[in-house]
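The values are calculated or read from the model by the stated rules, or taken from the named source; none is laboratory data. Source: prediction; values computed, not measured. Backbone-built Cβ (ideal geometry, glycine too); neighbour counts: all protein chains shown.
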């Protein structure tokens, strides 16, 4: 009797195993792509474009900030020495040789305005005020340059998870639609929709997390650069005031 029951169970076990084997989807990237619907593929393509865009911004800002930091360290002691000796022309030349430095760009604007406004005689308060306004304008321009691209990082970091969530909803809907169409609740009926839902969710998080982290990092760097520019501007104005008092 046991042998007879085993004979009856064997065909059902074989059929069940064949069901799972036939219906189980592949989980390689290519198989997952083929299992995706049109909307899910559109979501994946959009997230891929956003990831490339954010990566380009990260590389650009990293190189720009590194060059600004390096040249500013070289610029600060040289221009300070030139100003102590009263050589404004030499200070301007030093700034021109460090064009990627955020400090050099700000200080150059103030020095040029001071030199162009003056008539070669005594230093006037109007001359100092003109230089101060030039420094403020230059700071605003440099600040905008430093923040270039950071808005895109913030947008990508905040929207990528929701775009991935949209792909998740689409995948779940496709899974239920497959169940209704095939009239079965087997794993093969829902595997495609579930896989595209999970893939788009993961892809959205992969795009968003680095974007948010680098945005916060670069924002802190910009704030540090702003402090350095404010200090340099105030020191230059103090230098002009001291020169005015001496004369």
Within the stretch 115-131, tally of residues that are modelled with pLDDT of 80 or more and buried (at least 18 other Cβ atoms within 10 Å of the Cβ):
3
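Being in contact with a helix residue (DSSP H, G or I) (Cβ under 9 Å, 6 or more places away or on another chain), farther than 30 Å from residue 125 by Cβ and modelled with pLDDT under 70: is that true of residue 190 here? Break it down into steps so the answer makes sense when it comes.
On the way: in contact with a helix residue (DSSP H, G or I) (Cβ under 9 Å, 6 or more places away or on another chain): yes; farther than 30 Å from residue 125 by Cβ: yes; modelled with pLDDT under 70: yes.
Against the criterion (in contact with a helix residue (DSSP H, G or I) (Cβ under 9 Å, 6 or more places away or on another chain), farther than 30 Å from residue 125 by Cβ and modelled with pLDDT under 70), residue 190 qualifies.
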Filter the stretch 95-110 for residues that are over 18 Å from residue 137 (Cα atoms) and either in contact with a strand residue (DSSP E or B) (Cβ under 8 Å, 6 or more places away or on another chain) or crowded, with 23+ Cβ neighbours inside 10 Å (or both) and give the result.
98
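Can you find a residue in the stretch 146-153 that is farther than 16 Å from residue 225 by Cβ and in contact with a helix residue (DSSP H, G or I) (Cβ under 7 Å, 6 or more places away or on another chain)? Give the steps one after another, and end with the answer.
Initially, the stretch 146-153 is screened for residues farther than 16 Å from residue 225 by Cβ, giving 151-153.
Next, only the ones that are in contact with a helix residue (DSSP H, G or I) (Cβ under 7 Å, 6 or more places away or on another chain) stay: 152-153.
So far as the stretch 146-153 goes, yes, one or more of its residues are farther than 16 Å from residue 225 by Cβ and in contact with a helix residue (DSSP H, G or I) (Cβ under 7 Å, 6 or more places away or on another chain).
Kindly state which helices (runs of 4 or more DSSP H) lie completely within the stretch 1-100 and contain at least 2 residues that are modelled with pLDDT of 90 or more. Spell out how you get there, then give the answer.
On the way: elements: 2-23, 29-35, 38-84, 88-96.
In the stretch 1-100, the matching helices (runs of 4 or more DSSP H) lie at 38-84.
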